[in-house]
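In what follows, a single structure is set out as structure tokens and then discussed.
The values are calculated or read from the model by the stated rules, or taken from the named source; none is laboratory data. Quick caveat, the model's predicted, so the values are computed rather than measured. Cβ coordinates were reconstructed from backbone atoms using ideal geometry, including for glycine residues, and neighbour counts include every protein chain displayed. These area figures cover heavy atoms from the full protein model, side chains too; ligands, DNA and RNA do not enter into them. Shrake-Rupley method; radii C 1.70, N 1.55, O 1.52, S 1.80 Å.
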Amino acid sequence: MKRHMITALALAALTAGVVYAQHITTDSDPAAPFATYKTYAWTPGTASAVSLTEQRIHDGVNAQLQSEGMTQVDSNPNVFVATHVTTKTVPQVIAPGFGYWGFAGGMATVQTYTEGTLVVDLYDATTKKMVWRGVATTTVSSKPEKNAEKIDKSLAKMFARYPPGVGTSR
């Protein structure tokens, strides 16, 4: 009986992990001259509803771009940077599990969680066209320190793919 319970708990944990996994995508203009981009400036995007979160995002993007050798400037940048933050409530159906003797019965329940999406856009300052986009989607925690960790992790994964086609397989 104990073995069945441990197996059921392990399966439940794995299922929850799949639902709450962080998802990162990037896209870019293959014709963009990424090697020439040395400076950047911020342009308005869709700010987080929490100003501290917005500050953390900007600090994280600044750190990532500076690690790529780019410098933030007040005028005449090579690229403009905009971030967009959205959240939504997502319903999740929780089905009844299996007991020692088989199906445990009962009704499925619906719980909700908050999903957050962070988008980082880079625009060529001369052409005004988007040249790179990173998108991260994950669950939002009620703990600010957990969200700060998720932001840092998301940005690191995004910018591991910048500039596109350089270095390791992306």
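Data for the structure
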| item | result |
| --- | --- |
| Residue identified as of a type outside the set (Gly, Ala, Ser) and closer than 30 Å to LYS38 by Cα among THR87, THR127, THR138, THR114 | THR127 |
| Residues satisfying the stated conditions in the stretch 109-121, i.e. out of contact with any helix residue (DSSP H, G or I) (no Cβ under 9 Å at 6 or more places or on another chain) and either crowded, with 18+ Cβ neighbours inside 10 Å or hydrophobic (A, V, I, L, M, F, W, C) (or both) | VAL110, VAL119, ASP121 |
| Residues satisfying the stated conditions in the stretch 26-45, i.e. under 23 Å from the mean Cα position of the chain (by Cα) and either surrounded by fewer than 14 Cβ atoms within 10 Å (Cβ to Cβ) or among the charged types (D, E, K, R) (or both) | ASP27, ASP29, PRO30, PRO44 |
| Residue that is farthest from THR43 (Cα to Cα), among those in the stretch 80-108 that are at pLDDT 85 or above and open to solvent by 70 Å² or more (accessible area, probe 1.4 Å) | VAL93 |
| Residue tally, condition within 25 Å of ASP29 (Cβ to Cβ), free of Cβ contacts under 8 Å to residues at least 60 places away in the same chain and open to solvent by 70 Å² or more (accessible area, probe 1.4 Å), over the stretch 122-164 | 3 |
| Residue that is least open to solvent (accessible area, probe 1.4 Å), among those in the stretch 63-79 that are in contact (Cβ under 8 Å) with a residue 40 or more places away in the chain and part of a loop (DSSP other than H, G, I, E, B) | PRO77 |
| Residue in the stretch 57-77 that is at pLDDT 95 or above, among the polar types (S, T, N, Q) and farther than 20 Å from ASP124 by Cα present | no |
